[in-house]
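So the structure is just underneath, and the comments pick up after that.
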Amino acid sequence: MRPSDKFWLVPHWFHYLGEPYGDGKMTVRQYRHLMKWPNNCVIRAWIDGTREYGVGLAIYEQLFQATWRLEPTLSKDEFKRGLRILPFCILEMLDRADRWEDYVEWFLFLKAHLAEVIREHRNFLRKDAPVEPYLIRWEGEYAILNRMFGQHWRFAVISRKLQRKRAGRPTGNVKHKTSAELTNEQVINRLRTAGAHWKFRRQAVTDWTARYAEAKRRAESSRP
């Protein structure tokens, strides 16, 4: 089944991305709409439900480009959030789409250019990743590491898959399942499951917000 066969299942507000996935003219209002919760989670649920990882890659690439283009109009927190989240969304879509060469290239680009770091105590460092290639400095018992350190385990897996491909060995058994393996009925069922989950999450947030507002109102009304 071609990607276009299931594109009608896209949430209605995906029109912000243009036809079919984007025209590069996203406004700041549209960007904020797609990046806010729960819309950003619905996007991911749709991608997982349909296995349309190529579409997902196009969506996240456009959002990432829009983050830079709209920097003058975004708040500092919005800009930082986009740069913190979207590069890893792109990385995961490349992984799920089995674009191993592109994954390795993007991983190494992020490792070389990401300014964000993580701080890990010596006793809690991952055992499945070498520290030295990612180490920036030690601060007592804490290692200051390139953020990609936490992604090394997956990078190692993808690198082995790529070596297998380049060696001419079969790779069918190490690839992800594709959208073509799903019928429309299966996709609908997968999306219904995801939709029920996010409906529950959204209702939980609404209920919590209402209870918090009521508690705050009572507290303020009881003040002398």
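If you filter the range 1-34 down to residues that are among the charged types (D, E, K, R) and surrounded by fewer than 18 Cβ atoms within 10 Å (Cβ to Cβ), you find that the one that is modelled with the lowest pLDDT is Arg2. Of everything in the range 113-135 that is modelled with pLDDT of 90 or more and surrounded by fewer than 11 Cβ atoms within 10 Å (Cβ to Cβ), the residue that is farthest from Phe79 (Cα to Cα) is Asn123.
Among the residues of the range 95-113, at least one is of a type outside the set (S, T, N, Q), in contact with a helix residue (DSSP H, G or I) (Cβ under 7 Å, 6 or more places away or on another chain) and farther than 25 Å from Asp48 by Cβ. Listed conditions (1) of a type in the set (Phe, Trp, Tyr); (2) modelled with pLDDT under 90; (3) surrounded by 15 or more Cβ atoms within 10 Å (Cβ to Cβ) are all met by Trp37, apart from (3). Criterion applied to Leu162, Leu145 was being of a type outside the set (D, E, K, R), more than 22 Å from Glu101 (Cα to Cα) and modelled with pLDDT of 95 or more, and the one residue passing it is Leu145. Summed over the range 150-177, the residues that are assigned to a helix (DSSP H, G or I), loosely packed, with under 11 Cβ neighbours inside 10 Å and in contact (Cβ under 8 Å) with a residue 12 or more places away in the chain give a count of 0. Between Thr73, Thr67, which is assigned to a helix (DSSP H, G or I) and over 19 Å from Asp98 (Cα atoms)? Unique residue meeting the criteria: Thr67. Every test in (1) surrounded by 14 or more Cβ atoms within 10 Å (Cβ to Cβ); (2) free of Cβ contacts under 8 Å to residues at least 24 places away in the same chain; (3) not assigned by TED's automatic domain parsing to the domain that holds Lys165 is passed by Asp77 save one, and that test is (1).
The values are calculated or read from the model by the stated rules, or taken from the named source; none is laboratory data. Keep in mind that this is a model prediction, so the values were computed, not measured. We place every Cβ from the backbone using ideal geometry, glycine too, and count neighbours over all the protein chains shown.
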